[in-house]
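Heads up: the structure comes next, in structure tokens.
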Amino acid sequence: MRRYEIREPKGIASLSLCEVENPRPGPGQVLLDMKAWSLNYRDLSMPRGGYPGNEKVLHAPPLVPVSDGAGEVLAVGPGVTEFAPGDRVITCFFQSWEDGEVTSEAKASALGGAIDGVLAERVVLSARGCVAAPQSLSFEQASTLPCAGLTAWAALTEAHARAGQNVLLQGTGGVSIFALQLAKLMGLRVIITSSSNDKLERARQLGASDTINYKDQPDWDEQALKLTAGVGVDHVVEVGGAGTLGRSMNACRMGGTISLIGVLTGMPEQNPSPLNVMWKRLVMRGIYVGSRRQLEELCRAVQVGGLLPVIDKTFGFEQVQEAYRYLKSGAHFGKVVISRG
Ligand SMILES: NC(=O)c1ccc[n+]([C@@H]2O[C@H](COP(=O)([O-])OP(=O)(O)OC[C@H]3O[C@@H](n4cnc5c(N)ncnc54)[C@H](OP(=O)(O)O)[C@@H]3O)[C@@H](O)[C@H]2O)c1
């Protein structure tokens with residue numbers, strides 16, 4: 001069988017397709033025939049050497065990249081009761097985070113970063129490292145749930161977002177478009193920013209009620225305040241990081257919640273003033289993807305709510321480098337997917 005490996009992290013060109021022996025499932029494990037994968041912003045860092053806690057590529061190469069995939073169970077090892085051959089499953093981003101608060105052990109089980117990922121034709125995982133894919137989704141659609149989908153779900157549910165409230169979303173990448181779709185399912189009003197008017201139009205078609213072009217209007221926080229009659233938004237799904245955090249605080253209402261998720265503006269060099277956190281009694285909550293239980297909850301919500309993940313473009317298994325380059329370009333809206341199908 002074939003799988004992608006990064007032996008020496010020298011950029012996207014270091015993703016190479018290799019022939020290896022078929023893996024076999026041991027006790028408690030399942031063998032998956034992988035059908036589709038989705039890429040996340042974090043995947044771009046692995047061909048550059050990873051990031052703290054996700055540096056297998058530096059310490060124990062090669063690294064099999066990518067955390068998010070969907071496939072069919074081909075065989076199960078002794079003791080597996082969760083799944084049977086023929087079942088459709090998706091991967092858990094953290095292989096060892098069942099429920100509750102994240103632990104060091106869970107963090108050390110992040111696919112495609114801390115440990116080998118799933119960009120392979122066949123993969124062996126612990127049965128507890130997979131969940132059943134929603135019946136309503138194709139393999140390609142289901143492959144988008146483990147990281148971007150779950151992160152958006154964790155952000156909104158852990159912030160106790162509820163119908164009638166409003167949420168500010170930043171940009172139109174994977175996490176933000178999932179947050180848009182989930183927020184609409186949950187009955188929230190969505191204000192979203194983007195650098196592209198075309199993308200903002202697509203966001204309106206998905207149900208965003210207010211849009212702000214953050215290139216034309218760098219004071220998007222003031223615009224968000226105006227859109228909420230000066231009160232501020234109830235929630236921010238903060239994917240920009242240090243370069244956007246100060247404005248996110250300004251855009252929030254008193255007692256509003258900021259879910260800290262991303263670093264799209266780069267690793268922290270700026271220090272946004274913490275004063276607004278105090279004066280406005282803001283709640284800042286770190287989000288690190290989510291647990292297996294939360295992924296199961298998301299799958300139920302997707303199934304019951306009829307949510308169809310937004311796939312911008314699908315690449316073939318032989319076109320992985322092109323898929324990475326496309327994600328890197330930032331031209332996408334929603335998710336970039338790789339399919340064997
Ligand atoms: N903590 C966690 O658990 C977790 C989980 C998933 C992702 N993340 C992080 O969250 C971030 C987003 O991940 P993703 O996979 O959704 O990324 P992505 O799909 O690659 O999103 C890229 C998009 O972000 C938008 N963007 C870039 N710079 C921006 C800025 N200054 N202000 C507003 N929007 C900006 C752009 O949208 P437009 O083209 O519309 O302008 C761009 O197309 C990344 O930093 C990622 O590492 C964290």
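The values are calculated or read from the model by the stated rules, or taken from the named source; none is laboratory data. Nothing here was measured: the structure is a model prediction, and the numbers come from that model. Positions of Cβ are backbone-derived with ideal geometry, glycine not excepted, and every protein chain shown enters the neighbour counts. Heads up: the accessible areas ignore ligands, DNA and RNA and are worked out on the full protein's heavy atoms, side chains in. Shrake-Rupley method; radii C 1.70, N 1.55, O 1.52, S 1.80 Å.
Go through segment 221-233 and count every residue that is open to solvent by 20 Å² or more (accessible area, probe 1.4 Å) and in contact with a strand residue (DSSP E or B) (Cβ under 6 Å, 6 or more places away or on another chain). Give the steps one after another, and end with the answer.
Start the filter on segment 221-233 by keeping residues that are open to solvent by 20 Å² or more (accessible area, probe 1.4 Å), which leaves 222-223, 225-227, 229-231.
Restricting the remaining residues to those that are in contact with a strand residue (DSSP E or B) (Cβ under 6 Å, 6 or more places away or on another chain) gives 223, 227, 231.
Selection size over segment 221-233: 3.
State whether one or more residues within segment 278-293 are touching a His at 6+ places or on another chain (Cβ under 9 Å), under 14 Å from Thr157 (Cβ atoms) and either at pLDDT 95 or above or among the basic types (Lys, Arg) (or both). Break it down stepwise before answering.
To start, the set of residues in segment 278-293 that are touching a His at 6+ places or on another chain (Cβ under 9 Å) comprises none.
Checked against the condition, which is being touching a His at 6+ places or on another chain (Cβ under 9 Å), under 14 Å from Thr157 (Cβ atoms) and either at pLDDT 95 or above or among the basic types (Lys, Arg) (or both), segment 278-293 yields no hits at all.
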Taking the criterion of being closer than 19 Å to His332 by Cβ and not charged (D, E, K, R), would at least one residue in segment 46-63 satisfy it? yes
Out of the residues in segment 218-244 that are within 12 Å of the ligand (Cβ to nearest atom) and not small (Gly, Ala, Ser), state the one that is nearest to Leu180 (Cα to Cα). Val237
Checked against (1) away from the ligand (no atom under 15 Å from the Cβ); (2) closer than 21 Å to Leu298 by Cβ; (3) of a type outside the set (Ser, Thr, Tyr), Ala159 satisfies every condition except (1)
Does Glu101 meet the test of being modelled with pLDDT of 95 or more, over 22 Å from Val80 (Cα atoms), outside the structural domain of Gly262 (by TED's automatic domain parsing) and within 15 Å of the ligand (Cβ to nearest atom)? yes
Please go through segment 299-341 and give me each residue that is out of contact with any Pro (no Cβ under 9 Å at 6 or more places or on another chain), part of a helix (DSSP H, G or I) and either at pLDDT below 95 or within 13 Å of the ligand (Cβ to nearest atom) (or both), ordered by number. Ala323, Arg325, Tyr326, Leu327, Lys328, Ser329
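For segment 131-156, how many residues meet the condition of being in contact with a Lys or Arg (Cβ under 6 Å, 6 or more places away or on another chain) and under 15 Å from Arg300 (Cα atoms)? If you could, list the steps in order and put the result at the bottom.
The initial filter retains those residues of segment 131-156 that are in contact with a Lys or Arg (Cβ under 6 Å, 6 or more places away or on another chain), namely 133, 139, 144.
When the remaining residues are screened for being under 15 Å from Arg300 (Cα atoms), the result is 133, 144.
Within segment 131-156, residues that are in contact with a Lys or Arg (Cβ under 6 Å, 6 or more places away or on another chain) and under 15 Å from Arg300 (Cα atoms) number 2.
In the list Thr193, Thr257, Thr211, which residue meets the criterion of being within 9 Å of the ligand (Cβ to nearest atom) and hydroxyl-bearing (Ser, Thr, Tyr)?
Unique residue meeting the criteria: Thr193.
Would you confirm, using the coordinates I've provided, whether Arg293 is more than 12 Å from the ligand (Cβ to nearest atom), part of a helix (DSSP H, G or I) and in contact with an Asp or Glu (Cβ under 8 Å, 6 or more places away or on another chain)?
Values: more than 12 Å from the ligand (Cβ to nearest atom): yes; part of a helix (DSSP H, G or I): yes; in contact with an Asp or Glu (Cβ under 8 Å, 6 or more places away or on another chain): yes.
So Arg293 passes the test.
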Going by what's in this entry, would Ser176 be described as among the small types (Gly, Ala, Ser), within 11 Å of the ligand (Cβ to nearest atom), within 19 Å of the chain's Cα centre (by Cα) and in the same structural domain as Met254 (by TED's automatic domain parsing)? yes
Report, by residue number, each residue of segment 18-53 that is surrounded by 14 or more Cβ atoms within 10 Å (Cβ to Cβ) and in a strand (DSSP E or B). Gln29, Val30, Leu31, Leu32, Asp33, Met34, Lys35, Ala36, Trp37, Ser38, Leu39
